[in-house]
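> Attaching a single structure in structure tokens format; questions to follow.
The values are calculated or read from the model by the stated rules, or taken from the named source; none is laboratory data. The structure presented is a predicted model; accordingly, all values stated were derived computationally and were not measured. FYI the Cβ positions are ideal-geometry reconstructions off the backbone, even for glycines, and counts take in every protein chain you see. Only protein heavy atoms, including side chains, enter the accessible area calculation; ligands, DNA and RNA are left aside. Shrake-Rupley method; radii C 1.70, N 1.55, O 1.52, S 1.80 Å.
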Amino acid sequence: RDGMMNGVNIDATVNLARSITIPVIASGGVSHLDDIRRLCGATREGIMGAIIGRALYEGDLDLAEAQRVADTLSG
């Protein structure tokens with residue numbers, strides 16, 4: 001592991017979502033369930049989703065569990 005996955009930059013993503021009128025999909029740095037929880041906590045700011053790639057590929061994040069967390073916090 002090269003240490004590049006440091007978590008999602010929630011502040012920058014929220015700032016972007018606040019500055020435009022279209023929904024934002026977070027991309028980059030999503031690597032743990034805590035990142036999913038933090039993004040779900042910012043849905044009222046205009047964040048509507050997240051792209052999760054490397055964390056799934058490397059086995060750091062389970063897709064079913066991430067979806068379950070998102071469904072619980074969003075519903």
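> ASN15 versus (1) assigned to a helix (DSSP H, G or I); (2) more than 9 Å from the chain's Cα centre (by Cα); (3) in contact (Cβ under 8 Å) with a residue 24 or more places away in the chain: which is the lone unmet condition?
Going through (1) assigned to a helix (DSSP H, G or I); (2) more than 9 Å from the chain's Cα centre (by Cα); (3) in contact (Cβ under 8 Å) with a residue 24 or more places away in the chain one by one, ASN15 breaks only (3).
> How many residues are assigned to a loop (DSSP other than H, G, I, E, B), modelled with pLDDT of 90 or more and more than 13 Å from the chain's Cα centre (by Cα) if we restrict to the stretch 61-75?
So the answer is 1.
> Sticking with this structure for a sec: Every residue in the stretch 1-12 that is farther than 16 Å from GLU58 by Cα and either modelled with pLDDT under 90 or open to solvent by 90 Å² or more (accessible area, probe 1.4 Å) (or both), please.
Once the filter is applied, which keeps residues that are farther than 16 Å from GLU58 by Cα and either modelled with pLDDT under 90 or open to solvent by 90 Å² or more (accessible area, probe 1.4 Å) (or both), the stretch 1-12 yields VAL8, ASN9, ILE10, ASP11.
> Moving on to the next point. Residue pairs, Cβ under 9 Å, 6 or more apart or interchain, first in the stretch 34-45 and open to solvent by 90 Å² or more (accessible area, probe 1.4 Å), second at pLDDT 90 or above. List them.
ARG37/VAL69; ARG37/ALA70
> Could you check the stretch 18-33 and list, in sequence order, the residues that are surrounded by 15 or more Cβ atoms within 10 Å (Cβ to Cβ) and not in a loop (DSSP other than H, G, I, E, B)?
VAL24, ALA26, LEU33
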